[in-house]
1. Quick one: order L42, L77, L17, L36 from most to least accessible surface, probe 1.4 Å.
2. Considering every Cα-Cα pair within the chain, what fraction, in whole percent, is farther apart than 16 Å?
3. Could you provide, to the nearest whole Å², the per residue accessible area of segment 1-80 with probe 1.4 Å?
4. At 1.4 Å probe size, with the rest of the protein present, what percent of the exposed accessible area of segment 40-82 is carbon and sulfur atoms?
5. If M49, M73 are ordered by their accessible area, calculated over protein heavy atoms with a 1.4 Å probe, which sequence runs from highest to lowest?
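The values are calculated or read from the model by the stated rules, or taken from the named source; none is laboratory data. Computed from a predicted structure; not experimentally measured. Heads up: the accessible areas ignore ligands, DNA and RNA and are worked out on the full protein's heavy atoms, side chains in. Shrake-Rupley method; radii C 1.70, N 1.55, O 1.52, S 1.80 Å.
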Amino acid sequence: MIYAADDAERSSACEILYACRGKIAADIRQEASRGLPDAQRLADQEQVMSQLRNDIVAVRAGDRAVTTRVRVMYGMLVRAWYAPTSA
């Protein structure tokens, strides 16, 4: 039974990371398409992408600490992105 729970946690962590990676990739494309892209912002976003890739590897390898961190911290970001805005 615990294996199923571990698999579910890893799966949800990966989905969260994929959502974050998609959002950052879109931000990078948007910044790069500007007339004068901010080089520092692009470098920062590339660094975040690198961290996301490292986190995906760690989650797939079964690192429970990274899985928990992803589900808590990145999960809050994803929920905030998809939360309805009050008008």
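1. The most accessible residue leads, giving L36, L77, L42, L17.
2. Numbers: 2152 of 3741 pairs.
Of all Cα-Cα distances in the chain, 58 percent exceed 16 Å.
3. Details: 5280 Å² over 80 residues.
Per residue, segment 1-80 has an accessible area of 66 Å².
4. That share works out to 57 percent.
5. I get M73, M49, largest accessible area first.
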